[in-house]
Amino acid sequence: LVSPHAAAQSPTKLGVRAGDSISVEEAMDGMATRSANDAAVAMAEKLGGTESRFAALMTLRAQELGMQNTHFVNASGLPDSRQLSTARDIAILSRAVMRDYPQYYKLFSLQEFRFRGQTIANHNHLLGRMQGVDGLKTGFTNASGFNLAVSAVRDNRRLIAVVMGGPSTALR
């Protein structure tokens, strides 16, 4: 069940209304492809009880992974001066997702998915356009600029690249 707080999140979102239900699969697809902030908050509230409690759990897990310069205060990555991370920490997180949750990593390679009759395209335009790119995540806020964590495999070698603070979608 989507709370009023989750439904009120700033775009980008799926547009789920307060009181509506969304499946875990739909929420995960929405977060992986569209950076759906409403889905992220709905999942955080379900898993952590509140978004802030979930963010505290994310920060603890980040510390366990060795992400020494990361502190989360919300589930979406929307701006907050107390929330921070580094390119190195995002690369550590990316590697951990592949290693610890290979069954979910495929979500980050979805080029699109269907949600309530609408086709939702992935913001990662390297998927299907650059040889070997198989996933990960884009992001944007006015405060942080255009961001990208991307992974590709060529010649049996995986490379993870993280770009933070790009000036445009094209340059990230």
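Considering 20, 29, which residue is among the charged types (D, E, K, R) and open to solvent by less than 40 Å² (accessible area, probe 1.4 Å)?
Values: 20 fails: open to solvent by less than 40 Å² (accessible area, probe 1.4 Å).
Selected residue: 29, the only one of 20, 29 that is among the charged types (D, E, K, R) and open to solvent by less than 40 Å² (accessible area, probe 1.4 Å).
Taken together, the residues in the range 139-160 that are part of a loop (DSSP other than H, G, I, E, B) and either in contact with a Phe, Trp or Tyr (Cβ under 7 Å, 6 or more places away or on another chain) or in contact (Cβ under 8 Å) with a residue 24 or more places away in the chain (or both) amount to 3.
If you go through the range 106-121 and keep only what is small (Gly, Ala, Ser) and in contact (Cβ under 8 Å) with a residue 40 or more places away in the chain, you end up with just 121.
Quick one: residue 69 ticks every box in (1) out of contact with any Lys or Arg (no Cβ under 8 Å at 6 or more places or on another chain); (2) more than 21 Å from residue 42 (Cα to Cα); (3) open to solvent by 30 Å² or more (accessible area, probe 1.4 Å); (4) not aliphatic (A, V, I, L, M) bar one, so which box is it? The number of the failed condition is (1).
Scan the range 107-142 for residues that are of a type outside the set (D, E, K, R), within 18 Å of residue 13 (Cβ to Cβ) and more than 12 Å from the chain's Cα centre (by Cα) and the total you get is 10.
Residue pairs whose Cβ atoms lie under 9 Å apart, separated by 6 or more positions or on different chains, with the first residue in the range 38-67 and within 20 Å of residue 19 (Cα to Cα) and polar (S, T, N, Q) and the second open to solvent by less than 10 Å² (accessible area, probe 1.4 Å) and modelled with pLDDT of 95 or more, are 50/44.
This table checks each residue for (1) among the charged types (D, E, K, R); (2) in contact (Cβ under 8 Å) with a residue 12 or more places away in the chain; (3) touching a Ser or Thr at 6+ places or on another chain (Cβ under 8 Å).
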position	(1), (2), (3)
78	no, yes, yes
94	no, yes, yes
123	no, yes, yes
131	no, yes, no
137	yes, yes, yes
164	no, yes, yes
170	no, no, no
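Can you confirm whether the range 50-64 contains a residue that is farther than 24 Å from residue 163 by Cβ, among the basic types (Lys, Arg) and assigned to a helix (DSSP H, G or I)? Within the range 50-64 (the criterion being farther than 24 Å from residue 163 by Cβ, among the basic types (Lys, Arg) and assigned to a helix (DSSP H, G or I)), the answer is yes, since at least one residue qualifies.
Within the range 75-130, restricting attention to residues that are small (Gly, Ala, Ser) and assigned to a loop (DSSP other than H, G, I, E, B), which residue is surrounded by the most Cβ atoms within 10 Å (Cβ to Cβ)? Going through the qualifying residues, I end up with 76.
Scanning the range 128-172 for residues that are β-branched (Val, Ile, Thr) and farther than 16 Å from residue 110 by Cβ turns up 141, 153, 160, 162, 163, 169.
Would you confirm whether or not the range 44-65 contains a residue that is among the aromatic types (Phe, Trp, Tyr), within 23 Å of residue 142 (Cα to Cα) and buried (at least 19 other Cβ atoms within 10 Å of the Cβ)? No, there is no match, as no residue in the range 44-65 is among the aromatic types (Phe, Trp, Tyr), within 23 Å of residue 142 (Cα to Cα) and buried (at least 19 other Cβ atoms within 10 Å of the Cβ).
The values are calculated or read from the model by the stated rules, or taken from the named source; none is laboratory data. Model, not experiment: these values are computed from the prediction. Quick reminder, even Gly has a Cβ in these numbers, built from the backbone with ideal geometry, and neighbours come from all protein chains shown. For the accessible areas, the whole protein counts, side chains as well, though only heavy atoms, and no ligand, DNA or RNA atoms are used. Shrake-Rupley method; radii C 1.70, N 1.55, O 1.52, S 1.80 Å.
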